1. Relative to the longest principal axis of the C-alpha atoms of chain C, give the angle of the C-alpha long axis of helix C:212-238, reported between 0 and 90° and rounded to the nearest 10°.
2. Could you give the dipole magnitude of chain A about its Cα centre, charging the beta-carbon of Lys and Arg +1 and that of Asp and Glu -1, in debye to the nearest 20?
3. Quick check: the distance between the Cα centres of region B:58-104 and region C:20-95, to the nearest angstrom?
4. Translational diffusion coefficient, Stokes-Einstein: compute it for region C:38-247 using the Kirkwood radius over C-alpha pairs as Rh, at 20 °C and 1.002 mPa s, and state it as an integer in µm² s⁻¹.
5. Specify the angular offset, from 0 to 90 degrees and rounded to the nearest 10, of the alpha carbon long axis of helix A:278-297 from the longest principal axis of the alpha carbons in chain A.
6. Taking amide H positions as placed in the peptide plane 1.01 Å from N, state which residues far from residue B:250 in sequence (5 or more) or on other chains have amide H under 5 Å from it.
7. If you take the charge dipole of the protein assembly as shown about its Cα centre, with +1 on Lys and Arg Cβ and -1 on Asp and Glu Cβ, which of A:117, B:126, A:34 is farthest toward its positive end?
8. Under the rule of at least 5 residues apart or a separate chain, name every residue whose amide H is placed under 5 Å from the amide H of residue B:118.
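None of the figures in this text is laboratory data; all of them are computed from the coordinates on show. What you are looking at is a predicted structure, and each value in this text was computed from that prediction instead of being measured. Here the Cβ is made from the backbone with ideal geometry for all residues, glycine too, and neighbour counts use every protein chain on show.
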Amino acid sequence: MAGKSGRTIANVPEKSLKKTVLCWEGMLVILFIVINLFCGGISPSYQFANVLREMPKYLTEMFLLFPMAFILILGEIDISVGASVCLAATFTCMASNQGLPFGAVILVCLLTGVACGFINGLILTRFQELPPMIVTLGTQIVFRGIAEIALGSGGSVSLSNADGFRKIAGKAGIVPYILFVVILMAVLYSVVLAKTTFGRSVYAIGSNRMAAYYSGIPVQKIRLIIYTVTGFMAGLAALFLTSVLYGANTTTGNGFEMDAIAMAVFGGISTSGGKGRLFGGILSGFTIICLRIGLGQINMNPQLILIILGILLISAVLIPNISAKLKLKKKAA
Amino acid sequence: MKKKLISVLLCVSLAATMLAGCGSEKAASSNADAGNDAGQEAPAESGSTEGGGAEGGKTYAIVTKAAGNPFNEKTADGFKEVIEASGGTAIIKHPEAPTADAQVSVIQSLISQGVDSICIAANDENALQAALEEAMAAGIKVCCEDSKTNPDSRQVFVNQAGVNEIGVALMEAVHDITGGEGQWAVLSATSQAANQNAWIEAMKKTMESDEKYSKLELVEVAYGDDEPQKSTDQTQALLAKYPNLKLICAPTTVGINAAAKVLQDEKSSVKLTGLGLPSEMAEYIGDDDAHSCPYMYLWNPIDLGRLGAYTSIALVDGTITGAEGDKFTAGDMGDYEVIAADDGGTEMILGAPFKFDASNIDEWKDVY
Amino acid sequence: MKENKSILKKITGSREASLLIVLVVLCVVISMRSPSFLTLKSISDMLKNNAVIMIMTLGMLGVLLVGGIDISITSTLALSGMTAGMLVKYGIVENTFLLFVIAVAIGGLCGFLAGLIISKGKVLPIIATMGFMYIYRGLAYIVANSQWASAEDLGAFKEFALGSVFGINNVIIVLVICYAVFFVVMKWTKTGRMVYAVGSNREAAGISGINTSSVELMVYTVMGTLAGLCGALAVSIYSSAQPNMLYGREMDVIAACVIGGVSMTGGRGSVAGALLGSLILAIIAKALPLVGIEAIAQNTVKGVIILAVIVLNVITQRVMDKNNLKGREM
């Protein structure tokens, strides 16, 4: 029995894996269209302009999706990003209220993010035995804790001068600037992941860390870079989130990490590492955003929306698995 | 090959949705042109309305702090009752998490639906400003209930009770129950909760202002984060740290519930007062030693929701604009006047906090 | 001489021993600042108030041992607890024992479903349980239907957490029984060894005749069962049932395991470790308000302590490995 299944596994993978992944992205495109038509059908206010107007808040989470995809492909996880966003947003508002020029405020924001990511990376590369989940859980509590201390009693800070942020939140016609930034980042990250040595190293580490190490890939250096970049993107997300909120508080960015992971997984990126493409993640990100906007507009109970997302998430992984199994059986017969 | 196929598919889909979107947008704008006032046909259909199919029906939305919070549920009930009685459509929106972030998405969605008013219990004073400004720019009337936003992002705040009145009432209770002297402590929600912090400040101010409180010593303000477990830990820590403690004042419904349980289970001599929901606290209220809480205060969340509804209606039909000195009649609740609030905005006050004790708790515990 | 060395070796060589030292140091420091900490009552309060997390840590130990993870547990807890609460509130079921059985059954079913998807459907544990985290929490809200159960509604059900046998609180008895059963099962039974076998080397375990997917299914079902039990316990302890019960606390459970030296890649960890890990977390929660750290800084302190303990774990492990190597050379 064991021998038999071992043989099939050895024979099948290349083709069927490729096929399922390809199919998955194809399915996502179809799903994207279906969901848009569906939302348009159920909600008369689901119009292009409205969707674009509601999008910026959701798009901030997309910034986290890109580096999260890298981390997941490494076979790791980072659950501290939401807290990094919170800390960066807090410092941004405070810097802005100090009267710093807007350029400096942006710098503070991004640097805070980078610092958070770098700390994660440093701990994880110094103590490689530590599971990323638990380290980032610890830093998550600490980052949010520092934000709490900085915010003091009241736990919330407002922007005394929101001019710069109003510009960021601006639109070209009806298209908000943030969409362009997201698309730019999407292209950038996709190219890095698919076309460069760096990207291929990430896959190599994710599929077999030891083999990657012995073939001369600087595993720890790459991990450090990726976690730091994650921090940078958290800073960027914080910047745009501040432009949507005009303020920060202790719950800012709550749950962003789970949303980013869900988007990635729904896009076919495996959390066990080495598998998936960013394209799928981006597609699934937009699909989920559209679904949330649409269901929000018909005032569906938010808990029901979460149930739907949960079911989608599980079936996204379950269905390809089952169909692959069935195919295997057919072949065996 | 497949890759190409997918990208082609994607392009087509994007183009298709764009076209569809533009198409429906045009349709919608022509709709809006057709009847300025009734243009919001969309929400009337989408709000899963049973009654108000008519074009003239206005849509009023209430945004709560979180789903599953008893106080919020009752407020929403009151809101809905008044709106539906007036022939409008009520939309009750719970954010998916108890954060300002989640409320922003909710507000954005309501703007898309083109509701006439939003009545919101803010999870954060500042972080809703951008979204609410956008809503007001779109012609939506905005008022707050329960917890306010900053003055820039609201037209009027429906305040459940004046901050000072709450401070005085609670201090009076502390004075009365302790007998005028001894140690007492506060068990609050989170250290960042705006309402609780304001009330605690008001209590401190009251304590300093009058000589009769001079023998009372406030030993600590503890924070239970509105979690039963942490509130329990904090209450037990207070008991352990201050053996001479006479009273705990918990101005939060979760905290008072947890503290009441600890004190009553341990048959402690420490007494409790604060702000709590009658239905949750019925078990613990009583004058004898077997009950931990002689009496407590709260306002009526249903009335709060109802006043929020009347205010929304008045804002939408133009009876009031939210400026100081505006007056209106809130149905059977009587007349209300808009007054200046401490933060530079305006507010109206529901009434004095209501006292719940052994004599009336049975009557109220089934109400809310 | 030789004995001395072996004790030293034992201390530096055993993860549990090093944790025990951390625990003792924590206790000493805290009781120096707050003498009331080490009284019997305070400890019993602490155990009662943390029983829910401590019991779920056991289930998580099993899940982590087979290399999985379950982040749906607090949602399962909310669903079963909420159901029990509503059943009492509307007077459908009054019997405390029956309510516990119902809650445990719901929890078991939830765990079984998750286990089925993970073991048979080959969905990665974190994804499957993330999905169920949303689903079960949503169901808890639907069961609640904008209502809640408060102390008065719960009637006799809340008496369970107040009652005691031989002077020991019922909740603590449940806690002790759970730990005792797990200790025996994991250490001395075939089932326990199978869990370890699957976790350390799945293929080897499969070849040696262990049905790996059934073991996985069992582990998640047990986890769900415990979460269901904790749902009923939580409602009884706090005499209140609301659908947002313990929202986000699953991470505490995982942290307790990891602090206790349970490996997240599977195969390594013990009941003693889980106990120590969850005790350390419980002590931190209990002590932070007692020693008078500013409320606003408590989270930061908690995070730093967690990070410090896990880093310490790694260092102990490194020393251990070095010692082992040395032994081999000699």
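1. 60 degrees
2. In debye, rounded to 20, chain A gives about 1460.
3. 34 Å
4. Working: Rh = 17.5 Å.
In µm²/s, the coefficient is 123.
5. Between the helix axis and the principal axis of chain A, the angle is about 60 degrees.
6. The list, which skips near neighbours in sequence, is B:187, B:273, B:274, B:275.
7. After comparing all options, I get A:117.
8. Those qualifying (amide H under 5 Å, at least 5 residues apart or on another chain) are B:61, B:141, B:142, B:143.
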